[in-house]
Amino acid sequence: NAEKTVSMTFRRGGRRGTFYINETPLQSVNNFTYLGITLQTQGNVFTRHINDRVNAATRAISDIKSIGKLSLETALQLFKLKVDPVATYGLENVWLHLKKKSLEKIEKLKATYLKRVLCLSKYTPSRLVYELAREPFYIEELRLKLLLPTTPAYQDLLRELHEKKRKIWDEFYVTD
C-alpha cells in the first residue's frame, strides 16, 4: 500500500533514492521508528532515538505526583520501575554508537529526578545531588546493570563527571 509505506535511504551524503509501488513514488523520510528504535539516514547515528527516550522518560517522571513526599529509597525504587525501562529501551543496541552529548542527556535524567525527590532547585549542581543521595552516576549504573562495553565517549564523560565530583568543596560535607 503506497499510502502506508515510506522509504528511507541509509547514506553518507549523496542523493536519496526514489522508490515506487505501481508507479506511485513513496514518501521519503529522514528517520523512522522500527520496533521502538528510531533509525536515521546515517545508519550509526542515534541522537533522535536518545532524544525520544529522554523525552518519554521525562514524561514518566512528570507523571509521578508528590514526588518530594516520598522517601529516597521509595523514590529510587519508583525510578527503577517506572523511568528506567522507558529511558533504556533499545540502549543495548545503540550504546556503541552513542556520542558524549547523547550520554550526557541520559545522565541528566536521574539527576533531574533526584533534584525533584530531594526538593532541590533545578540549578543545583548534579554532582552535589548524587553526593546527597549517595548514588552512583546514572551512566555508570546503566553500563554495569546492562553489561555494556566501555566506549571512548563513556570514558570521557565519566572522567569529566568524576573530576567535577572531586572538586566539591570540603565544607559541603560538614554543613547541615
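The values are calculated or read from the model by the stated rules, or taken from the named source; none is laboratory data. Owing to the predicted nature of the structure, the values given are computational and were not obtained by experimental measurement. Glycine also receives a Cβ, built like all others from the backbone with ideal geometry; neighbour counts cover every protein chain displayed. For the accessible areas, the whole protein counts, side chains as well, though only heavy atoms, and no ligand, DNA or RNA atoms are used. Shrake-Rupley method; radii C 1.70, N 1.55, O 1.52, S 1.80 Å.
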(request) Would you be able to tell me the number of residues in region 129-164 that are over 21 Å from Ser102 (Cβ atoms) and open to solvent by 40 Å² or more (accessible area, probe 1.4 Å)? (result) 3
(request) Name the single residue, out of those in region 1-19 being under 26 Å from Val94 (Cα atoms) and more than 30 Å from the chain's Cα centre (by Cα), that is modelled with the lowest pLDDT. (result) Gly14
(request) Take region 34-45 and flag every residue that is more than 16 Å from the chain's Cα centre (by Cα) and of a type in the set (Val, Ile, Thr). (result) Thr41
(request) Determine whether Gln77 is in contact with a helix residue (DSSP H, G or I) (Cβ under 9 Å, 6 or more places away or on another chain), without any contact (Cβ under 8 Å) to a residue 24 or more places away in the chain and closer than 28 Å to Leu148 by Cα. (result) no
(request) Name the one entry in Asn31, Asn22 that is open to solvent by less than 80 Å² (accessible area, probe 1.4 Å) and either more than 25 Å from the chain's Cα centre (by Cα) or at pLDDT 85 or above (or both). (result) Asn31
